[in-house]
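Reading through the structure tokens given below for one structure.
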Amino acid sequence: MKRILFAFCCAILLASSLPAAKTLDMWVVDTEGGKSVLLLSPSGQSMLIDTGFPGNNDRDANRILEACKAAGVTKIDVLITTHYDMDHVNNTPAVVGRIPVALFVDHGPAAVTDRGTTAAVKAYDELWAKAKHLVVKPGDKIPFKDVDIVVLTSAGQSIKTPLKGAGKPNPDCATTQPKTWGRTNEDNSENGNSVGMLFTFGKFRMADFGDLTWNREIQLMCPNNPIGTVDLFMVSHHGNNISNSPALINPLHARVSVMDNGARKIGAAEVMKTLKAAPGMQAVYLSHWSANAPNDNPPDEFIANLQSSPDGKWIKISADKNGTIAVTNARTGESKTYKR
């Protein structure tokens, strides 16, 4: 009995002396063309970026909770709502009803006043009123232990002063023409008001712009690149070709990109081609095989959900302070490592 007790005490002491995880871990949840990314910092703080679609028998809420369980997360320290479109915010009440959130972050008042958006924002506002709330503008920092997060875009505005080491002329501005919109001005939509962020963890850098639109990208990146380069690019707007301009993608020189598309929700061929041809790009990952780009999908090993496989598989990313990225496809269980 004494030996068992001694071994048990040693195990506890050993566990308490083990170093904390040394990677920034991310789970890109399959929300069928919506958006939801769970982040876990080395010190154990959690962040959720958007909450996917509502309804569908709580499909996306269940998948987010599955990712939380895999990460050992029992509360969300920071919930960022990039903008108020249905596939980003309408599922928030269902998620918050099942896991507590300490801090809500967003771009402030809605940019549009249609009935659906107004109702979604009202439901969202009732949630943050019971917790902490932060409205961000370009240049602000979002608190998240171990990781520096600077806001690049918010509420239709973008940073005016280049970040340290950035500010070089962007040659892709000359060949990237602004888009003209048909029915409505997309730049004034909720998409165009998205919160865009740069995450820095040691030498690792990641850019995520929500659903920022093409002309807002030009506003940010031209004539000079205020960001510099990144290691990981979270593809904007589910791979929509009214976003993801060459003026944004090319100067970032990302080594890995991840697209949160659905089987038939965007994943445009034009964007696939831009990503594959981007300087420095080593791998393009998709949440789903895209029926909108049947001839331009990457090999199956880079796709989490195929036509013939069950949906719901996530893409997990682990980044260390040296900039090394490990990407795991939950469908296959295989990981690939991308070093600087």
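A few remarks follow.
- The string of couplings for the stretch 257-270 from the Karplus curve (6.51, -1.76, 1.60, θ = phi - 60°) is 10, 10, 10, 9, 8, x, 4, 10, 9, 6, x, 5, 4, 4 Hz, one whole number per residue in order, with x for Gly and Pro.
- Backbone phi angles across the stretch 276-290, fed through the Karplus curve with coefficients 6.51, -1.76 and 1.60 (θ = phi - 60°), yield HN-Hα couplings of 4, 8, 5, x, x, 5, 9, 7, 10, 9, 10, 5, 9, 4, 9 Hz in residue order; Gly and Pro are listed as x.
- Under 5 Å, built H, 5+ apart or other chain: amide partners of Leu134: Phe104, Val105, Asp106
- Farthest positive-ward along the chain dipole, Cα basis, beta-carbon charges - from Val37, Met221, Phe199: Phe199
- Look at where the Cα atoms of the stretch 185-216 and of the stretch 219-285 average out, and the two centres are 11 Å apart.
- Anisotropy class of the stretch 20-338 from Cα gyration tensor, a/c 1.5 cut: rounded
- Order of His83, His133 under a 10 Å beta carbon neighbour criterion, fewest first: His133, His83
- Peptides 299-309, 192-202, 209-219 ranked from most to least packed give 209-219, 192-202, 299-309, packing being the mean of other C-beta atoms within 10 angstrom over each peptide's residues.
- Taking a ≥ b ≥ c as the square roots of the Cα gyration tensor eigenvalues, the stretch 249-334 comes out oblate, since a/c reaches at least 1.5 and a/b does not exceed b/c.
- Amide H to amide H, with H built 1.01 Å from N, His288 comes under 5 Å of Asn261, Ala304, Asn305, counting only residues 5 or more places away or on other chains.
- The 3J(HN,Hα) values that the Karplus relation (6.51, -1.76, 1.60; θ = phi - 60°) gives for the stretch 173-179 are, in residue order, 5, 5, 10, 9, 8, x, 8 Hz. Gly and Pro appear as x.
- As a proxy for reagent exposure, Trp289, Trp181 were ordered by neighbouring Cβ count within 10 angstrom, fewest first; the result is Trp181, Trp289.
- Each Lys and Arg Cβ is given +1 and each Asp and Glu Cβ -1; about its Cα centre, the stretch 89-141 then shows a dipole of about 140 debye.
- Over the residues of the chain, the helix contribution to mean residue ellipticity at 222 nm works out to -6500 deg cm²/dmol, using -39500 (n - 2.57) for each DSSP H run of at least 4.
- For Lys265, the lysines whose Cα comes closer than 22 Å to its Cα, not counting residues fewer than 8 places off in the same chain, are Lys35, Lys179, Lys273, Lys276, Lys313, Lys316.
- Taking a ≥ b ≥ c as the square roots of the eigenvalues of the alpha-carbon gyration tensor, the stretch 191-243 is classed oblate because a/c is 1.5 or more while a/b is no larger than b/c.
- Proximal lysines relative to Lys164, as straight alpha-carbon distance under 16 Å, when same-chain residues fewer than 8 apart are discounted: Lys141, Lys203
- Test item: Cα-centred dipole of the stretch 20-338, Lys/Arg +1 and Asp/Glu -1 on Cβ, debye: 600 debye
A short reminder: the numbers here are calculations on the coordinates, not readings from a lab. What you see is a predicted model; the values in this text were computed from it and never measured. All Cβ positions, glycine included, derive from the backbone under ideal geometry; neighbour counts span all protein chains shown.
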